[in-house]
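The values are calculated or read from the model by the stated rules, or taken from the named source; none is laboratory data. Quantities reported herein were computed from a predicted structural model and do not represent experimental measurements. Using ideal geometry, Cβ is built from the backbone for each residue, glycine included, and neighbour counts are taken over all protein chains shown.
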Amino acid sequence: MGSSKKYVAELIGTMVLVIVGCGTAMLVGCDAKFGSGYILTAFAFGLAIVALAYSIGNVSGCHVNPAVSVAFWVKGDLSTSDLCGYIVSQCFGAFAGAGILKGMFSLGEVTDQTKSLGSNGLGNVGGSVGAGILVECVLTFIFIYAILGVTSKKAKHGNIAGLVIGLTLVLVHILGIGLTGTSVNPARSLGPALFAAIGGVTDPIKDVWVFFVGPLLGALLAALLFRFLEGDDSAAEKTE
């Protein structure tokens, strides 16, 4: 029963992240030439994580992101069965969120930014797969390492962890929106891309694999480096 509650929390959390973050991108646009929409979208994703961290964090840890779950699995804080359950729940949550956005925007004016449902893309990196993977790997590495650091037992940051994580997500979005739209979250990319494809917009789904490879690679590198530099939390506590 405990695991099922975690999975429900992850599904709802990822759904909310997609609705708020991608919905804001659809509403205000993300063109770097017009900074207000750009910044609003960055803060929408970050503030959504802050809200979720303090609402479902005590239930599931508020991963709402397969890359985060993989990092905690590599660190040894998440079982393989929970890793699978979390990822499935996150992907279904993102798909549900994209579906809700489709319904919310269905009566308004249809534009390129609303048709794509806030999907990620490679247009601003010249369509380069390599550049897209590099951007997503680096941004995810920064995001995941911040999460691992601020939630470490040695850090003792307590109640401000959710705020730090949310602001770090804002940070990576400020750089990444103008490049790939900033994924750092495979589920967040998959849900809107699938729903956009159902609506006849195929470009996002064609490149969606890039937004799995880049974030998961960044998460793996961050978790391995964290284990190397920080060591095991429980072992460190025994020596203090």
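Observations on the model:
- Qualifying residues in the range 164-195 (those that are crowded, with 24+ Cβ neighbours inside 10 Å and among the small types (Gly, Ala, Ser)) - the one farthest from residue 135 (Cα to Cα): 191
- Positions within the range 38-88 being assigned to a loop (DSSP other than H, G, I, E, B) and among the charged types (D, E, K, R), in sequence order: 77
- Only a single item in (1) over 16 Å from the mean Cα position of the chain (by Cα); (2) among the charged types (D, E, K, R); (3) buried (at least 17 other Cβ atoms within 10 Å of the Cβ) is not met by residue 153, and it is number (3).
- Restricting the range 1-57 to residues that are of a type in the set (D, E, K, R) and either buried (at least 18 other Cβ atoms within 10 Å of the Cβ) or within 22 Å of residue 67 (Cα to Cα) (or both), the residue that is farthest from the chain's Cα centre (by Cα): 5
- Residues that are modelled with pLDDT of 95 or more and either of a type in the set (Gly, Ala, Ser) or over 22 Å from residue 23 (Cβ atoms) (or both) within the range 123-139 comprise 128, 129, 130, 131, 132, 133, 134, 135, 137, 138, listed in sequence order.
- Test: residue 154 is assigned to a helix (DSSP H, G or I), basic (Lys, Arg) and either under 18 Å from residue 223 (Cα atoms) or at pLDDT below 95 (or both): no
- Subset tally (residues that are in contact with a Cys (Cβ under 9 Å, 6 or more places away or on another chain) and either within 22 Å of residue 174 (Cα to Cα) or of a type in the set (S, T, N, Q) (or both)) for the range 1-12: 0
- Verdict on residue 198 being more than 15 Å from residue 64 (Cα to Cα) and either without any contact (Cβ under 8 Å) to a residue 60 or more places away in the chain or of a type outside the set (Lys, Arg) (or both): yes
- So residue 229, is it surrounded by fewer than 24 Cβ atoms within 10 Å (Cβ to Cβ) and either at pLDDT 95 or above or in contact with a helix residue (DSSP H, G or I) (Cβ under 6 Å, 6 or more places away or on another chain) (or both): no
- Identity of the residue in the range 89-106, assigned to a helix (DSSP H, G or I) and of a type outside the set (Gly, Ala, Ser), that ends up surrounded by the fewest Cβ atoms within 10 Å (Cβ to Cβ): 104
- Residue among 142, 160, 147 that is more than 15 Å from residue 22 (Cβ to Cβ) and crowded, with 24+ Cβ neighbours inside 10 Å: 147
- One residue from 131, 187 being closer than 21 Å to residue 43 by Cβ, among the small types (Gly, Ala, Ser) and part of a helix (DSSP H, G or I): 187
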